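Below is one structure, written out as structure tokens; the observations come after it.
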Amino acid sequence: ALVQRKVIIGDEMGLGKTVQAIVALRLLMKSNQCRRCLVVTPRSLRRNWEREFGVWAPNLTLRLLEGSANNRRALYYLPVPVLIATYDQIRNDIERFDISEEFDVVILDEAQRIKNRNAKTSLACRGIKRQRSWALTGTPIENTPDEMVAIFSFLRSGLLYEGISSGDMHARIQPFFMRRTKQEV
């Protein structure tokens, strides 16, 4: 299901959302359905993503987005299969310069970071040009309907709307939502 164009994984913490995303991405790249991916993650998880790629997709070249604004701008355009950035970098870089490069897949880790639909970080993530949008979160059920509206504005704009009831929201997101609990695993 992850190879879909728009998907949210809402597993509890520790159930392998990162691994699922990396393996699905590896399959897309192997079948030539993807050539470039941008992973957006909190700063504290960048090295974790780098380590997990080394285990689950060691043949994929990746770069951490780092350095000065000019260095980061150049990194967006390098033909590197996987680029790992932080939410702060994306927010700042979208404000500083136009990122016209389109990514085949953009993965938001800890996607609850864009739960405020009108915040600069949320707007910046929605502004990234992409073919596929994946969101990973360990707190989907705790999110209010309006927070889910913000996450789905990144995934599939227009599917949800402010003020949507929980029942209607669940019915609409069901085809795009994967959820496992520790008990199920």
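The values are calculated or read from the model by the stated rules, or taken from the named source; none is laboratory data. If you're wondering where the values come from, they're calculated on a predicted model, not measured in any experiment. All Cβ positions, even for glycine, are placed from backbone atoms using ideal geometry, and neighbour counts span all protein chains on display. What goes into the accessible areas is simple: the full protein's heavy atoms, side chains included, and nothing from ligands, DNA or RNA. Shrake-Rupley method; radii C 1.70, N 1.55, O 1.52, S 1.80 Å.
Data overview
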quantity	calculated
For N32: the one exception among (1) modelled with pLDDT of 85 or more; (2) open to solvent by 20 Å² or more (accessible area, probe 1.4 Å); (3) closer than 23 Å to L123 by Cβ	(3)
Candidate set: the stretch 91-126, residues that are surrounded by 17 or more Cβ atoms within 10 Å (Cβ to Cβ) and basic (K, R); chosen: the one nearest to Q20 (Cα to Cα)	R113
Residue ID - nearest to K120 (Cα to Cα), chosen from residues in the stretch 147-170 that are among the small types (G, A, S) and modelled with pLDDT of 85 or more	A150
Inter-residue pairs, beta-carbon under 8 Å, first charged (D, E, K, R) and in the stretch 20-38, second open to solvent by 10 Å² or more (accessible area, probe 1.4 Å) and assigned to a helix (DSSP H, G or I), 6+ apart	R26/W56; R35/M29
Residue pairs meeting the criteria (Cβ under 8 Å; at least 6 apart or on separate chains; first among the acidic types (D, E), in the stretch 158-174; second in a helix (DSSP H, G or I))	E162/D146; E162/V149
Residues being open to solvent by 10 Å² or more (accessible area, probe 1.4 Å) and modelled with pLDDT of 85 or more - total across the stretch 129-146	4
Cross-chain or 6+ apart pairs with Cβ under 7 Å, the stretch 113-134 first and in contact (Cβ under 8 Å) with a residue 24 or more places away in the chain, then part of a strand (DSSP E or B) and open to solvent by 40 Å² or more (accessible area, probe 1.4 Å)	S133/K6
Members of the stretch 69-87 that are among the aliphatic types (A, V, I, L, M), assigned to a helix (DSSP H, G or I) and either at pLDDT 95 or above or under 18 Å from I107 (Cα atoms) (or both)	L75
Complete set of residues in the stretch 41-61 that are under 16 Å from the mean Cα position of the chain (by Cα) and either of a type in the set (G, A, S) or surrounded by 13 or more Cβ atoms within 10 Å (Cβ to Cβ) (or both)	T41, P42, S44, L45, R46, N48, W49, E50, E52, F53
